[in-house]
Amino acid sequence: MAKFQIEIDGQDREVQAEIIDKRIWFKLNDQVYSHDLVDLNESHSKNSKSAGKSADRIVAPMPGKVTKIFVNQGQSVQKGDALLVMEAMKMEYTLKADTLAQVEKLSAQVGDQVTLGQLLIQLKIAKSEAP
Amino acid sequence: MKQIKRVAIANRGEVAVRIIRACEELGIETVLLHSDPDVNSRAYRLATKKMRIGPAPTAQSYLNIQANIDAALAAGADAVHPGFGFLSENADFAERCEKNGLVFIGPSANAIRTLGDKVSFKRMAQKAGLPLIPGYEGVDQSLGTLIEEVEKIGLPVIVKAAAGGGGRGMKLIRQISEAKDLIESAQREALSAFGSSQVFLEKYLERAKHIEFQIFGDCTGHVVHLFDRECSVQRRHQKIIEEATSPSLSEALRRQMGEVACTIATLGKYKNAGTVEFLLQDGQYYLLEVNTRLQVEHPVTEEVMGVDLVKMQILTAQNQFIFNSKEIRVARGHSIECRVYAENPYQGGMPSTGLLGQVTWPEGPRRRYEYGFEEGDVITSYYDPMIAKVIVWDETRPRAIEKMIRTLKDSTVFGVNTNIPYLIQILDHEEFRSGRMTTRFIETYFAEGLKNKTSDDQIKKWAQSVNKELRRLKTSNSATGAPGAETSHPSPWGSFWRGV
């Protein structure tokens, strides 16, 4: 951890900062912030960097365990349908479909320990709903 | 009863540290019964001895009765402290400890069975004419019956794990169409967290406050209460902020509820620390449940009462603690506890895991920190997200709120996201400050977590400036060969003094 003063938004401010696992953590104005180091040096920000954010890829929003899968391969799902349940830190989280779609592939099984961002279900978005 | 010489701790995290401290002050050795990942924890570093009980999953470690008992015996312990959660309210565990010659630091197995089992507790309260919430706690656990009972009680209805606590295996049914899914989900969570899928149903009170009384039965069986706490600030039925005493009780109400709490505990022949929970709505109070263990929020009671509940527990277990009948007990000032969770408040409380960097809890008058992890430890997804508790005391409630906000702003955790910004906004909310908040407070005002997040672009810009300075410091240090003037990593003094 390092502590220093730098000019931010035209004012000298005290900052504490540390790099942990390719991420920069810093405290400024009593608040802690963090940012990926990898895309820090790119000139313009790419908001959709995470491949997981598209509606057809259901990825793990956190590390944890898959405890229930509600759908089968080939099944069609409505927007809002529960797809699977994950458990982390003793709480259950239900992942739902964002759009009308068909289940193309199940990439996880009940009992699997999965990592953050891991693909769990690949959906095929129905034609009429596709952008 | 013989003097306890070595206590095995069947728990982890901050409560394990809390128990170690109490034991140390009483001259008792400790044995930490731990899972594989918890070698990276403060309790592991502080305990006199450590014994591995199994791998990370709780079913194979912290919930495995045989493994805990075997390890306690192998380490030469003569008593077991179960902390809270895990096996703390498991009557079989208490019984097996006693059978193996280990003093169970808590109530008797019988008291856990009669009061801790919510079904038998309700029968006992009913018989004694104590006020209960309408509900269903039958043995018929078929889906059909449960849904029928939901309709009979009238929506909204809450489903709870019969063996539960801490919000796990609890679901709220608002529409009958959701009943099936929610009941099944509650049963699964109950099975995974407590080893039993049994649930019961209860009418959900919409504007209730959560009030609880700390009770304590001394070694003669004399039960007194150590006043009340309010824990209305809950999310998904998990407490976030607790305080003592409640800002909502008149003296008359406090006296009545305190008497009910002592009555039910006395009926259950209760010894040691426990908590009687109530819901309070429109001046009416209803008995909710008895938690037959030390509570996460016990420090706020300790702060206003000037007691050490864990030491009282240990002394009671060795038959040495008796209440002085002439002593007048009064609660003084106001105490607040905030639970620091490893989660992202800007993503609806999504769990956050990872390697901890700097963790600082700056001291100050009547600020108290209970924490189980330090720099270099890893927060995993296997266990509860609570990484620390911050407790303050001050003369009045408004002052305690101000002190808590300042304390949280001074605290720093790098490496995982925490709910600290969320806690600060809750404390600063007008309804919390007024003391009028109900158990629906979070749902009403903070359902989606925090929204007014600093934009990603802004954070990125700051991060770039900060990173540039970090690199400049690094190169200038390596160029001159001097150790980093203000970087703590190379200095042994930084870590030596941390947490003092």
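Just so it is clear, none of the values below were taken in a lab; they were calculated from the coordinates. All figures in this text were calculated on a predicted structure; none of them were measured in a lab. FYI the Cβ positions are ideal-geometry reconstructions off the backbone, even for glycines, and counts take in every protein chain you see.
Quick rundown of the values:
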item: Net charge of neighbours whose Cβ lies under 14 Å from the Cβ of B:GLY54, counting Lys and Arg as +1 and Asp and Glu as -1; result: 0
item: Packing-based exposure ordering (other Cβ within 10 Å, fewest first) of A:SER76, B:SER335; result: A:SER76, B:SER335
item: Loop-resident sites, the range B:228-327, for trypsin sites (Lys or Arg not before Pro), counting at most 12 other Cβ within 10 Å (DSSP); result: B:LYS326
item: Extension gain (nm, one decimal) between A:GLN31 and A:LEU119, 0.36 nm per residue minus Cα-Cα; result: 28.4 nm
item: Ranked list, fewest to most other Cβ atoms within 10 Å of each Cβ, for B:PHE323, B:PHE432, B:PHE194; result: B:PHE323, B:PHE432, B:PHE194
item: Pairs from A:LYS27/A:LYS65; B:LYS50/B:LYS271; B:LYS2/B:LYS311; A:LYS27/B:LYS239 whose Cα-Cα separation, in the structure shown, is over 21 Å; result: A:LYS27/A:LYS65; B:LYS50/B:LYS271; A:LYS27/B:LYS239
item: Kyte-Doolittle at least -0.5, axis length at least 18 Å by Cα - qualifying DSSP helices, chain B; result: B:13-25, B:179-194, B:251-267
item: Average beta carbon contacts from partner chains per residue of A:28-39, 10 Å cutoff; result: 6
item: Which of B:LYS468, B:LYS461, B:LYS403 has the fewest Cβ neighbours within 10 Å, and the rest in rising order; result: B:LYS468, B:LYS461, B:LYS403
item: Shielding of B:452-465 by partner chains, average beta-carbon count, 10 Å; result: 5
item: Shielding by partners, peptide A:108-119 (average Cβ within 10 angstrom, other chains); result: 1
item: Percent RCO, i.e. relative contact order, over chain B, from Cα pairs under 8 Å lying at least 6 residues apart; result: 13 percent
item: Test item: Cα-centred dipole of chain B, Lys/Arg +1 and Asp/Glu -1 on Cβ, debye; result: 660 debye
item: GluC sites (Glu not before Pro) within the range B:379-432: DSSP coil, no more than 13 neighbouring Cβ in 10 Å; result: B:GLU395
item: Sum of -39500 (n - 2.57) over DSSP H runs of 4+, divided by residues of chain B (222 nm, nearest 500); result: -10500 deg cm²/dmol
item: GluC sites (Glu not before Pro) within the range B:314-394: DSSP coil, no more than 10 neighbouring Cβ in 10 Å; result: B:GLU327
item: Only Lys, Arg (+1) and Asp, Glu (-1) charged, at Cβ; the range B:52-162 dipole about Cα centre in debye; result: 180 debye
item: Cα gyration tensor shape of the range B:1-151, rounded if a/c is under 1.5, else prolate or oblate by comparing a/b with b/c; result: prolate
